[in-house]
Amino acid sequence: MVQAETAAEKSDLRARMRAKRLAYAAVAPPIIPPREFLDKVQPTSVVASYVAMADEADPGLLTLAAHQAGCQIALPHITTRAAPMRFLAWRPGAPLVDGPFGLRQPPADAPALSPDIILTPLIAFDRQLNRLGQGAGYYDRAFAALAAVLRIGVAWSIQRAEAVPVDPWDVPLHGVIDEYGWNGPEPR
């Protein structure tokens, strides 16, 4: 019963926050790399990013900053809803292919990389850095498999919710970068 209630709460929050995000996307400022992020990227790091879809906050400047710092860049590659997401090597400006759900991703034969940092899209986040995603669970499964990875959400400040409902499998973020900078977890 509790999981059904959480699912309904998540569905309602997704609908409300998608509408807010869509309205804000047309006037949203770019996401500029904050010092807290730049301090975390090392020339030996593998940074997994993503190509923003429609109204998602664009991590492009974060990806470019990581690349310029000498990091290897990876992007998610998805084949089916049941298959796990892989992170494949990509260089900014290199060609991408169409993937499921409207994704732009590296070709399937690109080398797989194990990320040290994952920049992740989201629909909503809260003060404890709980993340509400699209609902397919790709990132939560990746976070569970890569427990030591630094998990950073990319969003706009309007995506901050009072509270994000969580299920046992939901994995919180270590930080969120929005148009104002770095958001760390706040005390309860």
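The values are calculated or read from the model by the stated rules, or taken from the named source; none is laboratory data. The model shown is predicted, which means the values in this text are computed figures rather than measured ones. Glycine gets a Cβ as well: all are built from the backbone with ideal geometry, and neighbour counts include every protein chain shown. To get the accessible areas, we keep the full protein, side chains included, count just its heavy atoms, and leave off ligands, DNA and RNA. Shrake-Rupley method; radii C 1.70, N 1.55, O 1.52, S 1.80 Å.
Computed quantities for the displayed model
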item: Cα-based shape type of the range 6-59, given that a ≥ b ≥ c are square roots of the gyration tensor eigenvalues and the cut on a/c is 1.5; result: prolate
item: Residues with amide H under 5 Å from that of residue 153, placed H, sequence gap 5 or more; result: 120, 174, 175, 176, 177
item: Gyration tensor verdict on the range 129-168 (Cα atoms; rounded if a/c is under 1.5, prolate if a/b is larger than b/c, oblate otherwise); result: prolate
item: Cα gyration tensor shape of the range 35-154, rounded if a/c is under 1.5, else prolate or oblate by comparing a/b with b/c; result: rounded
item: Where labels lie 7 Å past Cα in the beta-carbon direction, separation of residue 78 and residue 134 in nm; result: 0.3 nm
item: Surrounding net charge for residue 29, when Lys and Arg each add one and Asp and Glu each subtract one, Cβ distance under 11 Å; result: -3
item: Helix-only mean residue ellipticity at 222 nm for the chain, each DSSP H run of n ≥ 4 adding -39500 (n - 2.57), per residue, nearest 500; result: -7500 deg cm²/dmol
item: Fully extended contour minus Cα-Cα distance, from residue 96 to residue 12, at 0.36 nm per residue; result: 26.9 nm
item: Label point distance in nm, residue 32-residue 160, each placed 7 Å from Cα along Cα→Cβ; result: 1.8 nm
item: Percent accessible area from carbon and sulfur atoms, the chain, protein chains only, probe 1.4 Å; result: 58 percent
item: Counting DSSP beta bridges with both ends in the chain, the antiparallel % (nearest 5); result: 50 percent
item: Average accessible area per residue (Å²) across the chain - probe 1.4 Å, nucleic acids and ligands excluded; result: 49 Å²
item: Separation of the residue 144 and residue 167 label points, Cα + 7 Å toward Cβ, nm; result: 0.9 nm
item: Net charge over other residues, Cβ less than 13 angstrom from the Cβ of residue 171 (K, R count +1; D, E count -1); result: 0
item: Choice from 21, 141, 160 showing the highest fluctuation, given a GNM over the chain with Cα pairs closer than 10 Å; result: 141
